[in-house]
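Bear in mind that the values in this text are calculations on the coordinates, not laboratory data. In this text the structure is predicted, and so the values were computed from the model without any measurement. Cβ placement follows ideal geometry from the backbone for every residue including glycine, while neighbour counts extend to all protein chains displayed.
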Amino acid sequence: MGETKVRGGFGEDAALRFLKKLGYRLVERGYTTRFGELDLIMLDGDFIVFVEVKTRKDDSHGEAREFVTAAKQKRCRTTADIWLGSHSADDLQPRFDVVEVYAPQGAQTKKPQIIHIENAF
């Protein structure tokens, strides 16, 4: 498995632990359609939260959130619409969050820096 894929999995694991500590509950992980993927789908009170996780070693090439481009946001929205159409979540308000995970030593990082941006797009 390539370093980027390992780092991405590490970042998703770290983001999931972080969000669970905040009281979020995992609904689904890695939901994929031909239009895109949703890293994490979580419950936060009355919200169904679609979480895009971006993992980087550092921010020397820009903040991780900057890599959630308009095209990526559109793919996330389309994929979320498909998920919502096949699940009964009518009583929940959808929200899109971004979680930045900075892991300087990649998957060996002991305490990654995590920045959670609610309602990011």
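For region 17-26, the condition of being within 19 Å of ARG65 (Cα to Cα) and in contact (Cβ under 8 Å) with a residue 60 or more places away in the chain holds for at least one residue.
Across region 67-116, the qualifying residues are those that are touching a helix residue (DSSP H, G or I) at 6+ places or on another chain (Cβ under 9 Å) and among the small types (Gly, Ala, Ser), and the one among them that is surrounded by the most Cβ atoms within 10 Å (Cβ to Cβ) is ALA103. Only a single item in (1) surrounded by 15 or more Cβ atoms within 10 Å (Cβ to Cβ); (2) touching a residue at least 24 places away in the same chain (Cβ under 8 Å) is not met by ASN119, and it is number (1).
Quick check, is LYS54 in contact with a Phe, Trp or Tyr (Cβ under 8 Å, 6 or more places away or on another chain) and of a type in the set (Lys, Arg)? Here the answer is yes, as LYS54 does meet what is asked. In this entry, GLY30 is excluded by the filter for residues that are of a type outside the set (S, T, N, Q) and either part of a helix (DSSP H, G or I) or farther than 19 Å from HIS116 by Cα (or both).
Taking the criterion of being assigned to a strand (DSSP E or B), of a type outside the set (D, E, K, R) and under 13 Å from the mean Cα position of the chain (by Cα), the residues of region 64-121 that qualify are PHE96, VAL98, VAL99, VAL101, ILE114, ILE115, HIS116, ILE117.
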